[in-house]
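In what follows, a structure is listed as structure tokens, so that the remarks can point back to it.
Please treat every number below as a calculation from the coordinates, not as lab data. Small disclaimer: the values here were computed from a predicted structure and weren't measured. Quick reminder, even Gly has a Cβ in these numbers, built from the backbone with ideal geometry, and neighbours come from all protein chains shown.
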Amino acid sequence: MRIAFIGARGVVGKYSGIETYYEEVGSRLVALGHEVTAYCRTYFTPPLKSYRGMRIRRLPTLRTKHLDTIVHSLLCTVDAVFRRYDIVQYHALGSAPLAIVPRGFGTKTVVSVRGLDWERTKWGGLARRYLRATERAAVRCPTATAVVSRNLAAHFQRVHGADVAYIPNGVTVKPRTAPDRIRDWGLAERSYVLYVGRLTPEKGCHLLIEAFRQLDTNLQLVFVGGSTYADDYVRTLRQHESERIRFLGFQGGSVLQELYSNAYVFVLPSSIEGLSIALLEAMSYGNCVLTSDIPQNLELVERHGFAFANGSVSDLRDRLRFLLDNPRAAEASGNANRDTIARHYTWDVIAGETAAFFRAVLDSSESR
């Protein structure tokens, strides 16, 4: 199959789960014998012709909060129409209406939904109304729709009466590594509570800081990640930076591997998720995880992880205190998490399911 990906910032860098999907699923589809073209933004991706076996198409955009994704996706769509792909896959709700365009020229299209973007607090009223409208477009405009969580599948069935494919996110299970480079930050094995992800309001980082400050512990709280278009929020968080609360910015490669490997507990206090790749990665390293009790998180942690009442600082504090006081329970939970990921959520498994889904879309007759 000739496949095109549209919607992410690109490759060689990670900003969100979509960039990770590009690299991990795209490269594995190539290994399975398919041709994959990844459409990337010129400001994000270096000038490459190929990367991990994928063909790279770099196109410009208007780099503003509201136009960045849609302008780039529109230019990519126009380009894709003339390249005769078998499948064009759009990522996230914002670009969903464009899926009708290649489809009108006889190309099968897929929209993959990783969350209900209109719920994100960074968007104003007009942007939210647009994104909410694109939710219906996600099932009306493409040939088929896929979602990353069972909760999202239930939502689309309940709200839109649409049957969508469920294909979760995945991770690459890697060995745990000893602390080496992270010692430069004064971090040692099981000496810190870890958060990895975007620093945006819906991720709940402010709740984690408030809860942690109420604990009497020698552990540090470490934030890994950054944000765009949420500078005021990040500045508010950084006002609490101290020897106990650290902000390390974006990290990747062996440094991120060390950070996951040596955390005491990984915390995800988000109010909105699709299916968090950061949470999957933390579990794959055998971390004990503590998340908000939103359905998308419980889908992963309800068997072996721990959860607190969404938005409750006091409950988050109390659950953290329990885990800090019970290291054996935390360790047993982490080991069970690693086994779960290895069985069900590796990128090899997800790539195979994606290829089968694309083949089924190609073989199906148009029904929408």
Charge dipole of the chain about the Cα centre (unit charges at C-beta), most positive-ward option of G106, L324, H160:
G106
Could you work out the relative contact order of the chain? I mean the mean sequence separation of Cα pairs under 8 Å and 6+ apart, divided by the number of residues, in percent.
15
Expressed in angstrom and rounded, the centroid-to-centroid distance over alpha carbons for the range 218-249 and the range 36-104 is 32
Counting only other residues whose beta carbon sits under 12 Å from that of V267, what net charge do I get with K and R as +1, D and E as -1?
+3
Dimensionless Rg over Rh [the range 34-183; C-alpha; Kirkwood]
1.01
Angstrom value of the Kirkwood radius, inverse mean 1/r, which spans all Cα pairs in the range 199-293:
14.0
A correct Karplus calculation of ³J(HN,Hα) over the range 44-51, with 6.51 cos²θ - 1.76 cosθ + 1.60, θ = phi - 60°, whole Hz and x for Gly and Pro, returns 9, 10, x, x, 10, 8, 8, 7
Estimated FRET transfer efficiency when R0 is 35 angstrom, pair V255-H160 (beta carbons, to 0.05)
0.25
Mind checking the full-extension length gain between L67 and A332? Use 0.36 nm per residue of separation minus the Cα-Cα distance, one decimal, nm.
90.8 nm
Top of E243, E35, E273 by mean-square fluctuation, Gaussian network on the chain, Cα under 10 Å
E243
For the range 142-277 the translational diffusion coefficient, Stokes-Einstein from a Kirkwood Rh over Cα pairs at 4 °C and viscosity 1.567 mPa s, in µm²/s, is roughly 77
Comparing L98, L59, L48 in a Gaussian network model of the chain (Cα, 10 Å), the one with the largest mean-square fluctuation is L48
Just to be sure I understand: if I project the alpha-carbon convex hull of the range 22-110 onto a plane and average over all orientations, what area do I get in nm²?
5.7
Under a point spin-label approximation (7 Å from Cα along Cα-to-Cβ), what is the R213-F105 distance to one decimal in nm?
5.4
Based on the alpha carbon coordinates of the range 231-337, what radius of gyration and maximum Cα-Cα distance (Dmax) apply, in Å?
14.0, 39
In square nanometres, what is the average projected area of the Cα convex hull of the range 183-239?
4.4
What per residue convex hull volume, in Å³, do the alpha-carbon atoms of the chain yield?
131
In whole angstrom, how far apart do the alpha carbon centroids of the range 141-182 and the range 305-343 sit?
22
If the elastic network links every pair of Cα atoms under 10 Å, which of L275, L298, L93 fluctuates the most in the Gaussian network model of the chain?
L298
More than 14 Å apart: what percent of Cα pairs in the range 237-287 qualify?
63
Over the range 292-335 - Rg/Rh using Cα atoms and the Kirkwood inverse-distance radius:
0.98
